[in-house]
Amino acid sequence: MIGISKEGWKEIGFNLLSLFIAFLIWEIFTRYMNSPYFPSVGRIWGAFALLAKRGDVEGITLLQHIFASIVRILAGFGAATVMAIPLGLLMGLYPDIYKRTRAVLEPVRFIPPIAWIPVAIVLLVGFSRYAFLIWLGAFFPIFINTLVSVPRVNPIHVNVTRIFGAKRWYIIRKIVIPSVAPDMASGMRIGLGIAWMCIVAAEMIGGEMMGVGRLILKYAELIRMAEIIVGMLIIGLIGFLMNEIFLRVEKRLFRWRWEVSLD
Amino acid sequence: MSDGRKEKVKIQVSKSFNSLLVLDRLHFSVYENEFLVIVGPTGCGKTTLAHIIGGLYQPTEGQVTFDGEIISPKRHNLSFVFQEPSCIPWRTLWDDIKIGLEIKKSKPAAIQRRVKEMIELVQLTGFENYYPYQISGGMKQRVAIARAYATDPDLLLMDEPFGHLDAQTRYLMQIEITRVWEQLKKTVLFVTNNIEEAVFLAERIIILSRLPAHIKGIVPVDLPRPRDNISSDFLAIRSQITQMCETADEEKRG
C-alpha cells in the first residue's frame, strides 16, 4: 500500500490491462452468441448495480449477502484454525499419535465437504450447518501444514536452547512455534481459500435467505444468468482480496524467511 | 598439565550408530580453565564427541562427568558454538545473544548489561537490531560466540566454530578467542580439523585417528601468547602433530 515500486505499478498496469482484455473477449462473445444465457458486461454491471441498491427479489441487498457470508466464513475458518493448529502441533511433536491414528484421519481428509451435506442436514441446525461445512474445508490444510512442518524445525536451533538447559515447554514456545508459524500461516491462507469454495454448498443447506451462495442459488432457480454471474464474481473477488491481505501480512511478519540471506 | 589443576570434565565414552562404531573408548579429561583442542580428520566423529560432552547426545557406552557428576545442560552451566550457522532467524542479534540468559532466568537489568558487554566484545555494536539475514556469515559466527560467552559457562564447547569463515576473518577470530580466554579464563574444549589452528590456540592438543576414532596422542603446547605461527617452535609442534596424524593413517593401511 505505502510506497509501491516502479515494478509494482507496472504489474498493476498489466493486470488492469488483462482484466480489460478479459471483459472485451466476454463482450465480443456475448454479442456473437446473442442469448439471454450469456449476458453482456453491461447487463452484468446493471444487475450488480440493482442488487447493490435495491436488493434481490426479497429485497436483501448485496452488502447484506456479503456480510452474512463473511461472518460464516470467519466462524468456520476460525474454528478450523483454533482446532487445527494445536492438533497439528501435538501430532507433529508426538508423531506416534499421528502414525497410530492415520487410518482414521486420512480417509476423512478425502471426503469432499459436499458429501457431508446430508449428514449436516440430519445432525445440525442453523448457523452450525454453515460453520461445519466451512470448517471441513479449512481444517485439513491448516492441520496438515502444521503437522508436516514440525519435523522440519532445524535441530541446531533446538540444540542452541537445549545446551542452556531449556525445558521442553520453552523449546516448543520459543523455537518450534516460531519455526512452524510461516507454514501455519500458509496453511491458513489455503484453508481460507477452500472455505470460500465451500460457501455455496454451505448456504445450500442453511435455512436463511441471506448469503452470496444463497443469492446464486436463488437466481439459479429463476435462470437469471446476470445475477448468478454477479454472485460468482463477488465470491471470487472477496476470496482474492482476503488472500492478498493475508499474503501481505505473511510477508511482513515472516520477513526473516522471505529475504535472501547475504551468504 | 595435570600439575595441581583440578580435573573438571572426565570423558570415558564409546559411541556407535547402529553397527558403525564412531568413537572407540575415548578416555581423557579436561582440566579447570584449560584450553583443550581436539584435532582429527574430517568425519572422524569430533562433532559427535563434542555433542556427547555437551550432553546433547547420549554415549553408547560410558559417561561424561563434570565435577564428578554426570554432565547435563540442565544441571551444569554449558555453552556450545556450533559448526553450522546457528543464529535464530526470527530473533535480532540482541535477542539471539540473550537467549541463554533468558533460559537461565537472569534479571532483565543483568541481561541488559551482559548482552551489551558481549556485543562490544565481538564488535557488533550498532547491529543490535539486525536480523541474521541482514548480516554476513562472519558476523553470524560472532553472534554465536557472543551468545555462548554471555552465560559465563563453566565449560565452553566449540565445534569447528571458524570452519565456515574466510582465512582473514578466521585469523582475527582466533586472536580474539585467545584474548577472551586469557581475560575470562574459561574451561574450553575446542574441536578442529586444522592443525595450525590447534597449535595457535591450545594449551594441550588431543589427536584423534580416523574412524572409529581413538586417541592417537596428546601434545602439550607451551608457547607464549600471542603465538607467532612462523616461529620455529610453533612449526616444530605443528610438524610433530602432522606426523602423528600421518602415522595414524599408515597404521590403518598396514
Residue within the stretch B:190-200 that is away from chain A (no Cβ under 12 Å), in contact with an Asp or Glu (Cβ under 7 Å, 6 or more places away or on another chain), surrounded by 19 or more Cβ atoms within 10 Å (Cβ to Cβ) and more than 17 Å from residue B:100 (Cβ to Cβ) present: yes
Residue in the stretch A:160-170 that is nearest to the other protein chains (Cβ to nearest Cβ), counting only those that are surrounded by fewer than 20 Cβ atoms within 10 Å (Cβ to Cβ) and under 18 Å from residue B:76 (Cβ atoms): A:165
Among (1) more than 14 Å from chain A (Cβ to nearest Cβ); (2) free of Cβ contacts under 8 Å to residues at least 24 places away in the same chain; (3) over 19 Å from the mean Cα position of the chain (by Cα), the one test that residue B:136 misses: (1)
Enumeration of residues in the stretch B:90-115 that are within 14 Å of chain A (Cβ to nearest Cβ), assigned to a helix (DSSP H, G or I) and of a type in the set (D, E, K, R): B:95, B:96, B:102, B:114
Filter result for residue B:22 (among the aliphatic types (A, V, I, L, M), more than 10 Å from every other protein chain (Cβ to nearest Cβ), farther than 17 Å from residue A:157 by Cα and in contact with a Gly (Cβ under 7 Å, 6 or more places away or on another chain)): yes
Checking residue B:231 against (1) buried (at least 17 other Cβ atoms within 10 Å of the Cβ); (2) over 20 Å from residue B:188 (Cα atoms), the condition it does not meet: (1)
Contacts under 9 angstrom Cβ, first residue in the stretch B:218-236 being under 21 Å from residue B:31 (Cα atoms), partner assigned to a loop (DSSP other than H, G, I, E, B) and of a type in the set (Gly, Ala, Ser), 6 or more apart: B:219/B:202; B:220/B:202; B:221/B:202; B:223/B:231
Flag if residue A:116 is hydrophobic (A, V, I, L, M, F, W, C) and over 24 Å from residue B:89 (Cα atoms): yes
Residue count, the stretch B:47-89 (criterion: away from every other protein chain (no Cβ under 11 Å), assigned to a strand (DSSP E or B) and hydroxyl-bearing (Ser, Thr, Tyr)): 1
Identity of the residue in the stretch B:122-133, touching a residue at least 12 places away in the same chain (Cβ under 8 Å) and assigned to a loop (DSSP other than H, G, I, E, B), that ends up surrounded by the fewest Cβ atoms within 10 Å (Cβ to Cβ): B:129
Matching option when the condition is small (Gly, Ala, Ser), under 18 Å from residue B:9 (Cα atoms) and more than 16 Å from the chain's Cα centre (by Cα), among B:55, B:68, B:43: B:68
Residue within the stretch A:44-66 that is under 30 Å from residue A:182 (Cα atoms) and either in contact with a strand residue (DSSP E or B) (Cβ under 7 Å, 6 or more places away or on another chain) or part of a helix (DSSP H, G or I) (or both) present: yes
Residue B:177 being without any contact (Cβ under 8 Å) to a residue 40 or more places away in the chain, within 13 Å of the chain's Cα centre (by Cα) and buried (at least 16 other Cβ atoms within 10 Å of the Cβ): yes
For residue B:72: the one exception among (1) more than 18 Å from residue B:190 (Cβ to Cβ); (2) crowded, with 16+ Cβ neighbours inside 10 Å: (2)
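Values quoted throughout were computed directly from the atomic coordinates according to the rules given, and no laboratory measurement underlies them. This one's a predicted model, so the numbers in the text were calculated from it and none came from an experiment. Heads up, the Cβs are rebuilt from the backbone with ideal geometry, glycines too, and the neighbour counts pull from every protein chain shown.
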